[in-house]
Amino acid sequence: MKFEVLIRDVKFPNPVLAASGTFGFGLEFLTVANRLGGVVTKGLTVKPRAGNPPPRIVETPSGVVNSVGLENPGVAMFKTDILPRLQRLKCPVLVNLAAGSLDEFCELTEILEETPVAGLELNLSCPNVKEGGVAFGQKPQRVAEVTRAVRKRTDKLLVVKLTANFVDPAETAKAAEAAGADAVSLINTLFALVLDQNGRPFLGGRTGGLSGPAIKPFALFCVERVVKAVKIPVIGMGGIRTGQDAFEFISAGAHLVQVGTANLTRPDGAVEVMKGLRRLARIRGWQNWDDVRGKAGEGCFG
Amino acid sequence: MVIQENGPITEIKRLGAEIFSVWIAAARISQKIKPGQFIGVKVSEREDLLLRRPFSVADVNGDKIRIVFRVVGPGTERLARSKNGDNWDIIGPLGKPAPLVRNRNVVICGGGVGVAPLLYLTRVLHKANQVVVLLGARCTPELIMVSDFRRVGVKVQLTTEDGSQGVKGLVTEALAPVLSEMRAPVVYACGPKGMIEALCPLSEKVKVWAFLEERMGCGTGVCYGCAVPKKAGGYLRLCKDGPVVSLDEVVL
Ligand SMILES: Cc1cc2nc3c(=O)[nH]c(=O)nc-3n(C[C@H](O)[C@H](O)[C@H](O)COP(=O)(O)OP(=O)(O)OC[C@H]3O[C@@H](n4cnc5c(N)ncnc54)[C@H](O)[C@@H]3O)c2cc1C
Ligand SMILES: Cc1cc2nc3c(=O)[nH]c(=O)nc-3n(C[C@H](O)[C@H](O)[C@H](O)COP(=O)(O)O)c2cc1C
Ligand code: FES
């Protein structure tokens, strides 16, 4: 079967992407990256950010809680240092943008508009920064405002990454769609608090975001709900570790999936997911993605 | 490039109450791994123990890698229950090799299970330097790998906090008199956080390469989880820029 997925004018060689923050800037493992459907880079801000104090990451049952806090070298360094090397990648690159204000989102967009990256993913959902982040993503009105402003400044594929923290993502997805987003992606990590033996917050950033297999059923629920609410493509993620997991998100209606935490367990975690999907396609005799996508309601695929 | 291998355990041995030594056959990683580097061990196929556990390479012999670890939580508890022939899923080599010197006076200083990564390093440094090894622990049962170090052919001095073997006291206290007799010494140290902290004042006068630990997500440089503050500002990624760092460049 043909594994390619087209969203607007961007051709993804297969539907499995590496999720932001879990695959660096896509340069550490070029041979892995070149076998993926795409790479979403680590959250990028206008100015360099040092990130949160350690510890920044801790394991919880079937999950991981992180409070990295968007450590990144800033957009200027990204342009001069990272971008030229990113051009060696065969798959499309989406740049994950993070900002504390509408103006910053616009500035980032304008700087990146002249570059060859395939698209932008607006991170309106990071739980690990004080200003911006998830606060933007919780209000449909704010989501619409930011999306509209960025849309005006870019012809690139525009993906809005939604949060499921204390908000119905169907509402924010509709707002993003109305404001001109080409696709929405979800879910980002869920609010989390980890305490040590003495009852003190474990992470240097105090609270963090939960990811990994522990969040998969909730993520799947959210993705299906959003798929029903909007017409634009949905990119699903949350705990995807195997081909079967990816298949479930696609049957819930996702066009693409992203693999996050599984990249921490092994550098080729996302390739393993794709291999699993290929195996399923062969065994189940799918001809194209329409055989699968959004068919969750119909039950058995035999 | 990071290599992933499924290697059988060829020997698992208890060295102390909660300390284990494991030899794993992993031909591709063992060929490449250098002192100071580490491997990531997948504890379980299941999803409840998700992240790999980082362990320093304690020694290499042909196609085999040795690690020595202390049981501190669910991951190491599970690993300690392994048997000969069990396959471990490991990735490596991770991190940067420890910087090596030549024709120098070298002091190797290890505390507790922190002596583990110093054995392979000692073996390599011994070929081109004058090496003295100081090994310390709380009590005799915790003093591990002493005969391994002796077999390298270096001078080994022991300290225990309870005085049950060697000099009574902390290994860091034994360091000063050794250094005072040396010209331009270089120190390599690995041990509990308190021990490394005690070496900070020294690191302003003498080159101290310290093996640090921080919670890791990936071990490969992609998640930015293993941050260690730099004196110059910002953070280094311990799994990529370390785990062996020049002690005067970081804030503990
Ligand atoms: C580069 C590196 C090399 C290491 N080499 C060795 C080694 O050679 N031998 C050895 O015994 N241990 C080593 N460690 C520590 C080892 O990785 C941890 O003890 C192990 O991950 C604990 O897993 P767990 O599931 O048993 O415990 P967890 O439940 O994860 O944690 C239990 C306790 O273990 C300690 N711990 C957990 N993770 C770490 C960590 N990354 N660093 C330090 N302490 C931790 C903490 O005190 C924690 O409270 C190394 C760590 C790093 C970062
Ligand atoms: C260590 C870490 C860092 C992350 N950094 C970002 C980020 O910079 N921007 C972003 O939009 N999402 C970030 N995320 C969220 C992931 O992209 C993804 O949405 C989430 O982890 C759920 O997927 P998973 O369960 O497969 O990991 C990060 C996640 C982790 C674990
Ligand atoms: S542990 Fe992921 S960057 Fe170091």
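The values are calculated or read from the model by the stated rules, or taken from the named source; none is laboratory data. Treat the numbers as computed from the prediction; the structure is a model and nothing was measured. All Cβ positions, even for glycine, are placed from backbone atoms using ideal geometry, and neighbour counts span all protein chains on display. Side chains included, ligands, DNA and RNA excluded: accessible areas come from the protein's heavy atoms. Shrake-Rupley method; radii C 1.70, N 1.55, O 1.52, S 1.80 Å.
Relative to the longest principal axis of the Cα atoms of chain B, the long axis of helix B:116-125 makes an angle of roughly 60 degrees. If you take the square roots of the eigenvalues of the alpha-carbon gyration tensor of chain A and sort them as a ≥ b ≥ c, do you get rounded (a/c under 1.5), prolate (a/b over b/c) or oblate? Rounded is the answer for chain A, as its axis ratio a/c remains below 1.5. Directionally averaged projected area (the protein assembly as shown, Cα convex hull): 25.7 nm².
List for region B:1-15: residues with 10 Å² or greater reduction in accessible area, all protein chains versus chain alone, probe 1.4 Å? When all protein chains are present, B:Met1, B:Val2, B:Gln4 each give up 10 Å² or more of accessible surface.
What part of the accessible area of region A:196-287, given as a whole %, is carbon or sulfur when the probe is 1.4 angstrom?
Details: 1790 of 3600 Å².
Taking all protein chains in place, region A:196-287 shows 50 percent carbon and sulfur surface.
The portion of the accessible surface of region A:58-163 made up by carbon and sulfur, rounded to a whole percent, is 50 (1.4 Å probe; DNA, RNA and ligands excluded).
Taking a straight line from the alpha carbon of A:Lys174, these aspartates and glutamates sit under 18 Å away, with near neighbours fewer than eight places off in the same chain left out: A:Glu121, A:Glu145, A:Asp182, A:Glu224.
Which residues make up the longest stretch of chain A that has no GluC sites (Glu not before Pro) in a DSSP loop with at most 15 other Cβ atoms within 10 Å?
Details: sites that count: A:Glu4, A:Glu114, A:Glu131.
Counting only loop sites that pass the neighbour cut-off, the longest clear stretch is A:132-302.
Working note: 222 nm ellipticity from helices only, DSSP H runs with n ≥ 4, each -39,500 (n - 2.57), summed and divided by the residues of chain B, gives -5000 deg cm²/dmol to the nearest 500.
To the nearest 20 Debye, how big is the dipole of region A:192-252 about its Cα centre, given +1 on the beta carbon of each Lys and Arg and -1 on that of each Asp and Glu? It would help to have the intermediate numbers written out before the result.
On the way: 7 positive and 4 negative charges, 36 e Å.
Charge dipole of region A:192-252: 180 debye, to the nearest 20.
What's the center-to-center distance, using Cα atoms, between region B:168-207 and region A:206-259 in Å? Using only Cα atoms, the two centres lie 51 Å from each other.
Debye calculation, C-alpha points only, no solvent: report log10 I(q)/I(0) for region B:178-251 at q = 0.14, 0.21, 0.23, 0.28 Å⁻¹, in the same order as the q values. Each listed q corresponds, in turn, to -0.46, -0.90, -1.03, -1.33. In region A:168-209, Rg over Rh equals 1.28, where Rg is the alpha-carbon radius of gyration and Rh the Kirkwood radius from pairwise Cα distances.
Here the Gaussian network model covers chain B, with springs between Cα atoms less than 10 Å apart; of B:Val187, B:Val131, B:Val154, B:Val154 fluctuates the most. Placing unit charges on each Cβ (+1 for Lys and Arg, -1 for Asp and Glu) gives region B:22-110 a dipole about its Cα centre, and among B:Phe69, B:Asn105, B:Gly92 the Cα reaching farthest toward its positive end belongs to B:Asn105.
Taking every alpha-carbon pair under 8 Å whose residues sit at least 6 apart, region A:1-116 reaches a relative contact order of 27 percent.
Grab the beta carbon distance between A:Met1 and B:Glu47, set R0 = 35 Å, and tell me the FRET efficiency rounded to 0.05. Numbers along the way, then the final one.
Details: r = 29 Å, r/R0 = 0.82.
That gives a FRET efficiency of 0.75.
Separation of the alpha carbons by more than 21 angstrom is noted, of B:Lys193/B:Lys230; B:Lys205/B:Lys230; B:Lys13/B:Lys83; A:Lys156/A:Lys216, for A:Lys156/A:Lys216.
The GNM of chain A, with springs linking C-alpha atoms under 10 angstrom apart, assigns the highest mean-square fluctuation among A:Gln138, A:Gln197, A:Gln244 to A:Gln197. Relative to the longest principal axis of the Cα atoms of chain B, the long axis of helix B:171-180 lies at roughly 50 degrees. Solvent-accessible surface, computed for protein heavy atoms with a probe of 1.4 Å, shrinks by 20 Å² or more for the following residues of region A:242-265 when the other protein chains are added to the isolated chain: A:Leu264, A:Thr265. With loop membership from DSSP and a limit of 13 other Cβ atoms within 10 Å, the longest segment of chain B without GluC sites (Glu not before Pro) is B:46-180.
Given R₀ = 30 Å, FRET efficiency for A:Gln244-A:Glu114 by Cβ-Cβ distance, to 0.05? The value I calculate is 0.15. Per-residue Karplus couplings for region A:89-103, computed as 6.51 cos²θ - 1.76 cosθ + 1.60 with θ equal to phi - 60°, are listed in order as 6, 7, 8, x, 10, 9, 9, 7, 9, 10, 7, x, 8, 4, 4 Hz, Gly and Pro entered as x.
What percentage of the solvent-accessible surface of chain B, computed with a 1.4 Å probe over protein heavy atoms, is contributed by carbon and sulfur atoms? Provide the component values of the computation, followed by the final result.
Working: 5240 of 10840 Å².
Of the solvent-accessible surface of chain B, carbon and sulfur hold 48 percent.
Think of the protein assembly as shown as a dipole: +1 on every Lys or Arg Cβ, -1 on every Asp or Glu Cβ, centred on the Cα centre; then among A:Phe249, A:Val117, A:Ser185, A:Val117 lies furthest on the positive end. In the context of the full set of protein chains, residues of the protein assembly as shown present 40 Å² of accessible surface per residue (probe radius 1.4 Å, heavy atoms only).
Largest GNM mean-square fluctuation across A:Pro92, A:Pro48, A:Pro233, computed for chain A with C-alpha springs under 10 Å, falls on A:Pro48.
Restricting the trypsin sites (Lys or Arg not before Pro) of region A:124-228 to loop positions (DSSP other than H, G, I, E, B) with no more than 15 neighbouring Cβ atoms within 10 Å leaves A:Lys130. Association of chains B and A removes close to 2700 square angstrom of accessible area from solvent, both sides included, for a probe radius of 1.4 Å.
Under the rule of -39500 (n - 2.57) per DSSP H run of 4 or more residues, summed and divided by the residues of chain A, what mean residue ellipticity at 222 nm is obtained, to the nearest 500 deg cm²/dmol? Walk me through the numbers on the way to the answer.
Working: 10 runs with 91 residues, N = 302.
Helix-only estimate at 222 nm: -8500 deg cm²/dmol.
Select from region A:194-219 all residues whose loss of accessible area on going from the chain by itself to the full protein assembly reaches 50 Å² or more (probe 1.4 Å). At a threshold of 50 Å² (probe 1.4 Å), none of the residues of region A:194-219 becomes less exposed by that much. Note on chain A: dipole from Cβ charges, positive end direction compared against A:Leu203, A:Thr154, A:Val259; the farthest Cα belongs to A:Val259.
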